[in-house]
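To keep things clear, I will list the structure first and then write my remarks on it.
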Amino acid sequence: MTTTTEPMTEEMVEQAAADSSPSHTETIETVISAMDADQSAMVNQTGNVWKFRYGTVNVAVSITGQEPTDTFTVVATVMPLPVQDELGLFRYLLEKNAVDTFESHFAIENDQVIVISSRSVEDLSAAEISRIITIVATIADEYDEELKEKFPPLNPSA
């Protein structure tokens, strides 16, 4: 007896994969709960942004959706600007970006030095989510106190 089956369409394969694995949101929440020692994580009103404290830094994790073109981003605040010897700080951060930051990098946003990593959610695995959150939080926590000591605020009373 011969039976024939029709091949699975790409849509059917994607749906089967989605049904059998946790969503990006569930994975993010699991990773954060494991890292968030004081259980301070907060989710915003839309449910797509999580904020928690890791060591001495604040970390924010966001995902714009589940479509391949959506974005997964992790940001940790390191220190405020301005600082004394900003040129020295910028050179130091660029040198660190070249060798010490893995898939993340130091950047400046809204007068803050941050560590950030961002990528599309296409083919984003649970292992990558965990790795990116861990890298960003760990690097920011590792460097924040050192940087604040080496590059004190321009106006210490501010």
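The values are calculated or read from the model by the stated rules, or taken from the named source; none is laboratory data. Just so you know, these numbers come straight off a predicted model, no measurement behind them. Cβ coordinates were reconstructed from backbone atoms using ideal geometry, including for glycine residues, and neighbour counts include every protein chain displayed. SASA here: full protein model, heavy atoms, side chains in, ligands and nucleic acids out. Shrake-Rupley method; radii C 1.70, N 1.55, O 1.52, S 1.80 Å.
Quick notes
- Under the condition of being open to solvent by less than 80 Å² (accessible area, probe 1.4 Å), within 13 Å of Ala140 (Cα to Cα) and touching a helix residue (DSSP H, G or I) at 6+ places or on another chain (Cβ under 9 Å), the residues counted in the range 87-103 number 4.
- Val115 vs. criteria outside any loop (DSSP other than H, G, I, E, B), at pLDDT below 95 and within 13 Å of the chain's Cα centre (by Cα): no
- Here Val74, Val78 are screened, and the one residue that is modelled with pLDDT of 95 or more, under 20 Å from Pro156 (Cβ atoms) and within 16 Å of the chain's Cα centre (by Cα) is Val78.
- Checked across the range 138-155, the condition of being in a strand (DSSP E or B), in contact (Cβ under 8 Å) with a residue 12 or more places away in the chain, out of contact with any Cys (no Cβ under 9 Å at 6 or more places or on another chain) and open to solvent by less than 40 Å² (accessible area, probe 1.4 Å) holds for no residue.
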